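The values are calculated or read from the model by the stated rules, or taken from the named source; none is laboratory data. Quantities reported herein were computed from a predicted structural model and do not represent experimental measurements. All Cβ positions, glycine included, derive from the backbone under ideal geometry; neighbour counts span all protein chains shown.
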Amino acid sequence: MRLSDCHNIDDFRKLAKKKLPSPIFHYIDGGSDDEITLKRNTNSFDKCDLVPNVLTDVSNVDTSTSVLGQKIDFPLFLSPTAMHQLYHHDGEKAAAVAAEKFGTFFSLSTMGTKSIEEVSNISGGPKMFQLYIHKDQGLTDNLIERCQRSGFKAMCLTVDTIVAGNRERDYRTGFTTPPKLSLSSLLSFVTHPTWTLKYLMGSKFHLANISHLTKKGSSIESSVIDYINSQFDTTMNWKHAEYAAKKWNGPFALKGIMSVEDAKRAIDIGATAIMVSNHGGRQLDGSRAPFDQLETLVDAVGDKIEIILDGGIRRGTHVLKALALGAKACSMGKAYLYALGAGGQLGVERVLEKMKDEITRGMTLMGIRNIKEFSKDKIAYR
């Protein structure tokens, strides 16, 4: 199977599974506990149908929209995801360059393997930084200030990761950061020599923005997970979020908002957007799927704050359904990480091309000429 054989997200997933060592692939692919929420995130889109209009002039379909203070070429962007160097030796560079090429946001995670400054130099496209509140306020301030100096256009504060979720797949596969040979992972690394050689001969793995605070060569339990559990501030509250929003003083989203009460509080503290998200099914298993909660949030606050759907996106029609319910845009994480693992920058470019084509074709078939024409009457529940 080659990159040219990938025509949808499932194809990219299959190729990534073939090319990546098992611990690395399953870190992308997995969720928490029984992975009920992980499955539900995508399956929730199947509960409703699109309702097209015909005999409409669709000779000029415009997929562009504005979100987080920037105009993007289509209503889908790359959500913040950690540790890209594990999936491809180019790390965040591959996804950042691809996003710029397709005129959409690239989002850099605090847990990225390229620094804020490196990503700024790599890409001139719109960029968002994903922030966590640390126990050391000086570190939180430092990350915000570096983004301001580096020309990032937006910031999102992740609010659903006070402690790390129980990701049992990682324990079973022997996932470590950085990857190490062990009895449980040896065979997988040996049978993926291309990945292994490029990893060993490439730049040294490190979490570029916080590497001075993480233990090197340790397992997931005592490195990334330990970092989350020891450095992320479990006292984080609305005052912390308000402080971050004011200090950033620009387009600011809260990522991980699911309840109406929290959405209203987000408006009160000065957030300009919320990302309806359950962290890709990697935190609280059994929580509600973002798409299932979208309409409730739009009805409550959609006229006061931008709402971004994050989670479960696998098709352009999923994006169309979210737009019909009132989402301003959507973001995807796992979907483009499969493509990154499958083919680096070219993989991410291909998945963005496929998704944009699906969105454009879907709008054409629905008789919709621009994003503003989406409305609830374009969707029907069974």
*Go through the stretch 85-130 and give me each residue that's touching a residue at least 60 places away in the same chain (Cβ under 8 Å), assigned to a helix (DSSP H, G or I) and among the acidic types (Asp, Glu).*
GLU118
*Within the stretch 149-165, identify whether any single residue is among the small types (Gly, Ala, Ser), under 22 Å from GLY281 (Cα atoms) and either in a loop (DSSP other than H, G, I, E, B) or modelled with pLDDT under 95 (or both), and answer yes or no.*
yes
*asked:* Residue under question is ASP62, and the condition is that it be surrounded by fewer than 17 Cβ atoms within 10 Å (Cβ to Cβ) and touching a residue at least 60 places away in the same chain (Cβ under 8 Å); does it hold?
replied: yes
*Looking at ARG350, ARG361, which is the one that is more than 21 Å from LEU108 (Cβ to Cβ), in a helix (DSSP H, G or I) and more than 22 Å from the chain's Cα centre (by Cα)?*
ARG361
*Sort out which residues of the stretch 1-27 are assigned to a helix (DSSP H, G or I) and surrounded by 23 or more Cβ atoms within 10 Å (Cβ to Cβ), and write them in order of number.*
PHE12, ALA16, PRO23, ILE24, PHE25, TYR27
*Taking the condition aliphatic (A, V, I, L, M) and in contact (Cβ under 8 Å) with a residue 60 or more places away in the chain, does ALA300 pass?*
no
*Filter the helices (runs of 4 or more DSSP H) completely within the stretch 209-297 down to those with at least 2 residues that are of a type in the set (S, T, N, Q) and at pLDDT below 95.*
224-231
*Can you tell me which residues in the stretch 21-75 are farther than 17 Å from ILE313 by Cα, charged (D, E, K, R) and in contact with an Asp or Glu (Cβ under 9 Å, 6 or more places away or on another chain)?*
ASP33, ASP34
*Please specify each residue of the stretch 131-142 satisfying the condition of being surrounded by fewer than 21 Cβ atoms within 10 Å (Cβ to Cβ) and in a helix (DSSP H, G or I).*
GLN137, GLY138, LEU139, ASP141, ASN142
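Determine if the stretch 71-80 includes at least one residue that is in a loop (DSSP other than H, G, I, E, B), in contact with a Gly (Cβ under 9 Å, 6 or more places away or on another chain) and not aromatic (Phe, Trp, Tyr). Write out each step before concluding.
The initial filter retains those residues of the stretch 71-80 that are in a loop (DSSP other than H, G, I, E, B), namely 73-75.
Okay, now just the ones that are also in contact with a Gly (Cβ under 9 Å, 6 or more places away or on another chain), so 73-74.
The next check asks that each one be not aromatic (Phe, Trp, Tyr); those that pass are 73.
Yes, the stretch 71-80 contains a residue that is in a loop (DSSP other than H, G, I, E, B), in contact with a Gly (Cβ under 9 Å, 6 or more places away or on another chain) and not aromatic (Phe, Trp, Tyr).
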*asked:* I'd like the residue in the stretch 127-142 that is in contact with a helix residue (DSSP H, G or I) (Cβ under 8 Å, 6 or more places away or on another chain) and either of a type in the set (S, T, N, Q) or modelled with pLDDT of 95 or more (or both) and, out of all such residues, is farthest from TYR243 (Cα to Cα).
replied: LYS127
*Please go through the stretch 298-337 and pick out each residue that is within 27 Å of HIS88 (Cα to Cα), part of a strand (DSSP E or B) and either modelled with pLDDT under 95 or of a type outside the set (A, V, I, L, M, F, W, C) (or both).*
ASP310, SER331
_Any residue in the stretch 243-270 that is aromatic (Phe, Trp, Tyr) sitting within a Cβ distance under 8 Å of a residue that is in a helix (DSSP H, G or I)? List the pairs, counting only those 6 or more apart or interchain._
TRP248/ILE144; TRP248/CYS147; TRP248/GLN148; PHE252/ALA244; PHE252/ALA245
